[in-house]
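The values are calculated or read from the model by the stated rules, or taken from the named source; none is laboratory data. Please read these numbers as outputs of a predicted model, since none were measured by experiment. Cβ placement follows ideal geometry from the backbone for every residue including glycine, while neighbour counts extend to all protein chains displayed. Quick note on the areas: whole protein, heavy atoms, side chains included, nothing else; ligands and nucleic acids left out. Shrake-Rupley method; radii C 1.70, N 1.55, O 1.52, S 1.80 Å.
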Amino acid sequence: MTEPMLKITNLHAKAEDAEILRGLNLEVNAGEVHAIMGPNGSGKSTLAHILAGRDDYEVTEGSVTYKGQDLLEMEPEERAHEGVFLAFQYPVEIPGVNNIYLLKSAVNAKRKHQGLGEIDSVDFLTDVKQKMKLMGMDESFLKRSVNEGFSGGEKKRNEVFQMMVLEPGLCVMDETDSGLDIDALKIVAQGVEQMRSPDRAIVLVTHYQRLLDHIQPDRVHVLARGQVLKSGDKQLAHELEEHGYDWIRYEEAESA
Amino acid sequence: MAANVEEFVTQRYKQGFITDIETDTVPPGLNEDVIRLISHKKGEPEFMLDWRLKAYRHWLTMTEPNWAHVHYPPIDFQDISYYSAPKSREQQNAEAPQSLDEVDPKLLETYEKLGIPLHEQEKLAGVAVDAVFDSVSVTTTFKDKLAEAGVIFCSMSEALQEHPELVEQYIGSVVPYTDNFYAGLNSAVFTDGSFVYVPEGVTCPMELSTYFRINEAKTGQFERTLIIAEKGSYVSYLEGCTAPQRDENQLHAAVVELIAHEDATIKYSTVQNWYPGDEEGKGGIYNFVTKRGEARGDRSKVTWTQVETGSAITMKYPGCVLTGNDSVGEFYSVAVTSNYQQADTGTKMVHVGRNTRSTVVAKGISAMQGEQSYRGLVKILPSATGARNYTQCDSMLIGDQCGAHTFPYIEVKEPGAVVEHEASTSKVSDEQLFYCRQRGISEEDAVNLIVNGFCKDVFRELPMEFAVEAQALLGVTLEGAVG
Ligand SMILES: Nc1ncnc2c1ncn2[C@@H]1O[C@H](COP(=O)(O)OP(=O)(O)OP(=O)(O)O)[C@@H](O)[C@H]1O
Ligand SMILES: [Mg+2]
């Protein structure tokens, strides 16, 4: 069997002396979509940020490999160049910086890393416009400052739009479905489905079954107290919806 | 030997005896004879010398300002040499570095990053060159075109020879020698500068830039610039250079005066990037300039746009006096202080005429140990019925060792006037940097991107080529500010 695209082994991490991840294991193969669910404060965003290289967290034990490379050794921008993308739970506003300018800088930074020249402006614009359309975004968003004054749902769509343009190998999406209206949810789900590809892995952090009605996950994991406590197929999400997280805690206690 | 010559020359001064001495630089010190010597050397008309002397006598009664939020050792005004004749090309070449190999590699690195062409680098670094840096033809075409339009654009020395009546009429009419300590000093000892006159109804056919006359006159530390726009005319003037220039003078005290008559518009843009000193802040330029424009005629307009990234210490308040009814004054500024740079800058908007309007957008960026103050005065006189001012003053901090301060002064003597002031302070946040880096943009480029976004409202006001250079410059200035 080939190596999984993302392999997390016994990951322990803390922030300001509080241990958040406590021996987390996870494997995601290329071509698969995994959903991560779990109660508030269980460490889902922490995991997402550690994968992207945020230095607020200290990894005290364990390893993370992406395409066989030691991810934890790499700078955030190197990870991005290698194809790691994080759709943020709370995308930050950058006043005065055009959305399209940021995106083009990002595309060119990646191309430079690949030894390619800057992207042709016309090609870029054509690609960008087509993908905006898919995300149901008006072209005026290109000229607006990054996330500034965007509604909650617009910010989330913008994240998926950026993801589509950057064509990453590993997509980590942190609660991209929160704050979306019903139509936007469908659009985002379609976007994700479209991103599904044999050479791409997608990790979705979500609280709601409703996203999984539109996206068929290959695996569902429950993260609690800094560990993956239970994994299963999409049926697990339905059971969680029905019984809540206590059900897992109960099961765990039973088996202990 | 050199000491002997100096001794000899100073003795002659003591006797108040002036001749055309054979030295290039007058020994340090300031007195009436030195001023007479400067005026004489330049073959100036009588009125100019009289004015200089009056300015000097007044200056003696003034004291150096100490209210600004900057710190520097006291300046010994008797230790400065106030006149240095333009040197011949041979002399210049003998003293200058013979090739770029002899120039500070750090400086060259900066030029490289700014994308400055090689021959241009040589000029900026003061390398000895045989040919005049720019092809003669470019300059000539330029001059022909201006002459055709009737625009006068020359050095101040030339203007004093060719158009003394214009100089006499306007010099000191916006910035009198009594205005402040440094303006007084400048009035007494200024050596050269630029002169622009745009006749009635003429739109100047090109952006005027000091670039075109850099080889004609060596502009010293006490520059004097005078721009006059007659009724219904338009002119855009660019000052400065985006690359750090070699400069042996530490104190710069220039004066710039602008006069816009009825329906005339003057746009004055500056990108200032003098030597800020080394990483410890040693050896940088002190920039104490007085800049003021008068919107003298009805419906006239004066716009200042400045990007200040250089100098060790900057005290600078380009202002507008809005005398004409319905006249407009604008001030757009980006000031950056990094390492140990200090800047106390802002503007003065004085509303005199009816329905006068002024807009101030000031962006201050401090990084490392940089200290920065915005000092803005809005003054609305009783005559200025219906006057309006809008001021927006934003500071951005990079790191936690720098400082930003805002000192707004508002004097309103006309109850119907509308004065708005908005201020904000922000930081380049870790979240913003991380967001950019997650998208693949390096930390340095990310800082650059965020800071340029912050300055956008001002860069938009700069002429296109200038804006591009200003952005590159900002990047170089803030290099290493994070991480
Ligand atoms: N930088 C930090 N410093 C201190 N504590 C932190 C930090 N980041 C996260 N935590 C704490 O770690 C725990 C896990 O937070 P995290 O944001 O990963 O949870 P989450 O699973 O994403 O929750 P939610 O479902 O609410 O988004 C929380 O208790 C949080 O307060
Ligand atoms: Mg979270």
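The table below lists the values:
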{"quantity": "Residue within region A:48-63 that is of a type in the set (A, V, I, L, M, F, W, C), in contact with a strand residue (DSSP E or B) (Cβ under 8 Å, 6 or more places away or on another chain), closer than 29 Å to A:Ser197 by Cβ and within 11 Å of ligand 1 (Cβ to nearest atom) present", "calculated": "yes"}
{"quantity": "Filter result (open to solvent by 40 Å² or more (accessible area, probe 1.4 Å) and away from ligand 2 (no atom under 14 Å from the Cβ)) within region A:45-61", "calculated": "A:Asp55, A:Glu58, A:Val59, A:Thr60, A:Glu61"}
{"quantity": "In region A:153-166, the residues that are among the basic types (Lys, Arg) and either assigned to a loop (DSSP other than H, G, I, E, B) or in contact (Cβ under 8 Å) with a residue 40 or more places away in the chain (or both)", "calculated": "A:Lys155, A:Lys156"}
{"quantity": "From the options B:Asp457, B:Asp400, B:Asp445, residue that is at pLDDT below 90, within 12 Å of chain A (Cβ to nearest Cβ) and open to solvent by 60 Å² or more (accessible area, probe 1.4 Å)", "calculated": "B:Asp445"}
{"quantity": "Members of region A:124-152 that are in contact with an Asp or Glu (Cβ under 7 Å, 6 or more places away or on another chain), away from chain B (no Cβ under 11 Å) and touching a residue at least 24 places away in the same chain (Cβ under 8 Å)", "calculated": "A:Met132"}
{"quantity": "Within region A:66-82, tally of residues that are within 18 Å of the chain's Cα centre (by Cα) and either within 10 Å of chain B (Cβ to nearest Cβ) or assigned to a helix (DSSP H, G or I) (or both)", "calculated": "10"}
{"quantity": "Which listed residue is open to solvent by less than 10 Å² (accessible area, probe 1.4 Å), of a type outside the set (A, V, I, L, M, F, W, C) and closer than 28 Å to B:Gln471 by Cβ, from B:Ser327, B:Ser358", "calculated": "B:Ser358"}
{"quantity": "In region A:105-118, residue nearest to A:Lys143 (Cα to Cα) [restricted to those that are surrounded by fewer than 19 Cβ atoms within 10 Å (Cβ to Cβ) and within 14 Å of chain B (Cβ to nearest Cβ)]", "calculated": "A:Asn108"}
{"quantity": "Close pairs (8 angstrom Cβ cut-off, 6 or more residues apart or separate chains): over 15 Å from A:Gly83 (Cβ atoms) and open to solvent by less than 20 Å² (accessible area, probe 1.4 Å) in region A:167-179, more than 12 Å from ligand 1 (Cβ to nearest atom) and not aliphatic (A, V, I, L, M) anywhere", "calculated": "A:Thr176/A:Lys156; A:Thr176/A:Glu159; A:Asp177/A:Lys156; A:Asp177/A:Arg210"}
{"quantity": "Region B:175-211, residues that are more than 30 Å from B:Arg57 (Cα to Cα), charged (D, E, K, R) and touching a helix residue (DSSP H, G or I) at 6+ places or on another chain (Cβ under 9 Å)", "calculated": "B:Glu207"}
{"quantity": "Residue check, A:Ser121 facing chain B (nearest Cβ under 8 Å) and free of Cβ contacts under 8 Å to residues at least 24 places away in the same chain", "calculated": "no"}
{"quantity": "Cross-chain or 6+ apart pairs with Cβ under 6 Å, region B:179-208 first and part of a loop (DSSP other than H, G, I, E, B), then of a type in the set (Ser, Thr, Tyr)", "calculated": "B:Gly193/B:Thr225; B:Val202/B:Ser233; B:Glu207/B:Ser236"}
{"quantity": "Sole exception among (1) more than 16 Å from ligand 2 (Cβ to nearest atom); (2) more than 13 Å from the chain's Cα centre (by Cα) for A:Leu223, by number", "calculated": "(1)"}
{"quantity": "Single unsatisfied condition, B:Gly172 versus (1) modelled with pLDDT of 55 or more; (2) buried (at least 18 other Cβ atoms within 10 Å of the Cβ); (3) out of contact with any helix residue (DSSP H, G or I) (no Cβ under 7 Å at 6 or more places or on another chain); (4) part of a loop (DSSP other than H, G, I, E, B)", "calculated": "(3)"}
{"quantity": "Check on A:Val92, touching a helix residue (DSSP H, G or I) at 6+ places or on another chain (Cβ under 6 Å), in contact (Cβ under 8 Å) with a residue 24 or more places away in the chain and under 19 Å from A:Lys7 (Cβ atoms)", "calculated": "no"}
{"quantity": "Residue, nearest to A:Glu93 (Cα to Cα), within region A:143-165, restricted to residues that are among the polar types (S, T, N, Q) and open to solvent by less than 50 Å² (accessible area, probe 1.4 Å)", "calculated": "A:Asn147"}
{"quantity": "Candidate set: region A:2-44, residues that are within 16 Å of ligand 2 (Cβ to nearest atom) and free of Cβ contacts under 8 Å to residues at least 24 places away in the same chain; chosen: the one farthest from A:Val205 (Cα to Cα)", "calculated": "A:Ala18"}
{"quantity": "Region A:160-200: number of residues that are within 16 Å of ligand 2 (Cβ to nearest atom) and at pLDDT below 90", "calculated": "4"}
